[in-house]
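Have a look at the structure below, then the notes.
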Amino acid sequence: MTDLQKLAGIVDAAAHDARAIAQLSATAPFTLDEAYAIQRVSIDRRIARGERRVGVKMGFTSRAKAVQMGVHDVIWGRLTDGMLVDEGGTINLANYVHPRVEPEIAFLLKAPLEGRVTAMQALAAVESVACALEIIDSRYENFRFSLEDVVADNASSSGFVVGPWRPADTDLSNLGIVMSFDGRPVQIGSSAALLGHPLRSLVAAARMAAAAGERLEAGSIVMAGAATAAEPLRAGVYVEAEVQHLGRVAFSVLP
Ligand code: OOG
Ligand code: MG
């Protein structure tokens, strides 16, 4: 077994068992390319257990997130159907290490996207757009990591909730975003915080996936990243995100 496979096994087991681990790079430093290889192998393990790839998530596409986590490079991770949380559904904190939630925008693709594409080409591949919530749950103790660590840990992906799909021609350039806990706003932002325009996040997703030999497939979902900082989840809370013109998306945490 190579070191990469061993490290992928460690991070996958931590996610599967909802157990915190020390940062992988603390004992065995690895490069960013190796971090993406660890991520791919860890996702392959989930696929081997019966999960299915459904898309891609982008990370650190807003300054709010980069500042909160101290990581300033855009990253990406892989989404599986096992991470999908039903809209209006309920999650149990027992299945997470120390989950946080953040408001996002999701794209559903009707055509594949690969490599270097323009924003117009990216838009032409979009079937519909939606407001979304991402549940991130770093497997590292205290939610602290280096760039390489967080990439190896599939960009902290844990769950995602997608709201009602809206037409692709919705103007996404500067939409107000409010995330509330029990009806009280906890984070407020704008879609313009995502690399200046959410479509730029989709463009980056196509380019970064191609660097790993992947293309964004028709029918897949791309999460554009959080426009605001993330908030820790707590038992019993009702979480809702509202994005101007895109509607609302919500879920609850079991008391
Ligand atoms: C890494 C994931 C970042 C986003 O939307 O920026 C991310 C983390 O914050 O733990 O999902
Ligand atoms: Mg996110």
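The values are calculated or read from the model by the stated rules, or taken from the named source; none is laboratory data. All values reported here derive from a predicted model rather than from experimental measurement. As a convention, Cβ positions derive from the backbone with ideal geometry for all residues, glycine included, and neighbour counts pool all protein chains shown. Keep in mind that these areas ignore ligands, DNA and RNA; they rest on the heavy atoms of the full protein, side chains included. Shrake-Rupley method; radii C 1.70, N 1.55, O 1.52, S 1.80 Å.
Observations on the model:
- All conditions in (1) open to solvent by 30 Å² or more (accessible area, probe 1.4 Å); (2) part of a helix (DSSP H, G or I) hold for residue 51, with the sole exception of (2).
- The one condition in (1) surrounded by fewer than 24 Cβ atoms within 10 Å (Cβ to Cβ); (2) more than 16 Å from ligand 2 (Cβ to nearest atom); (3) touching a residue at least 12 places away in the same chain (Cβ under 8 Å) that residue 221 fails to fulfil: (2)
- Filter result for residue 101 (under 24 Å from residue 238 (Cα atoms), open to solvent by less than 50 Å² (accessible area, probe 1.4 Å), of a type in the set (A, V, I, L, M, F, W, C) and under 17 Å from the mean Cα position of the chain (by Cα)): yes
- Residue 64 vs. criteria open to solvent by 30 Å² or more (accessible area, probe 1.4 Å) and more than 11 Å from ligand 1 (Cβ to nearest atom): no
- Qualifying residue in the range 147-161 (condition: out of contact with any strand residue (DSSP E or B) (no Cβ under 6 Å at 6 or more places or on another chain), open to solvent by 30 Å² or more (accessible area, probe 1.4 Å) and among the acidic types (Asp, Glu)): yes
- Residue list for the range 1-31, restricted to those being within 14 Å of residue 151 (Cβ to Cβ), at pLDDT 95 or above and assigned to a loop (DSSP other than H, G, I, E, B): 23, 30, 31
- Of all residues in the range 56-69, those that are within 10 Å of ligand 2 (Cβ to nearest atom) and at pLDDT 95 or above have Cβ atoms under 6 Å from Cβ atoms of residues that are in a strand (DSSP E or B) and open to solvent by less than 30 Å² (accessible area, probe 1.4 Å), 6 or more apart or on another chain, in 57/77; 57/79; 57/157; 57/223; 58/76; 59/75; 60/75.
- On inspection, residue 81 qualifies as away from ligand 2 (no atom under 14 Å from the Cβ), in contact with a strand residue (DSSP E or B) (Cβ under 8 Å, 6 or more places away or on another chain) and not hydrophobic (A, V, I, L, M, F, W, C).
- Failed condition for residue 97, given (1) free of Cβ contacts under 8 Å to residues at least 24 places away in the same chain; (2) part of a loop (DSSP other than H, G, I, E, B); (3) not aromatic (Phe, Trp, Tyr): (1)
- Residue check: residue 188 meets all listed conditions (1) surrounded by 16 or more Cβ atoms within 10 Å (Cβ to Cβ); (2) away from ligand 2 (no atom under 13 Å from the Cβ) but one, namely (1).
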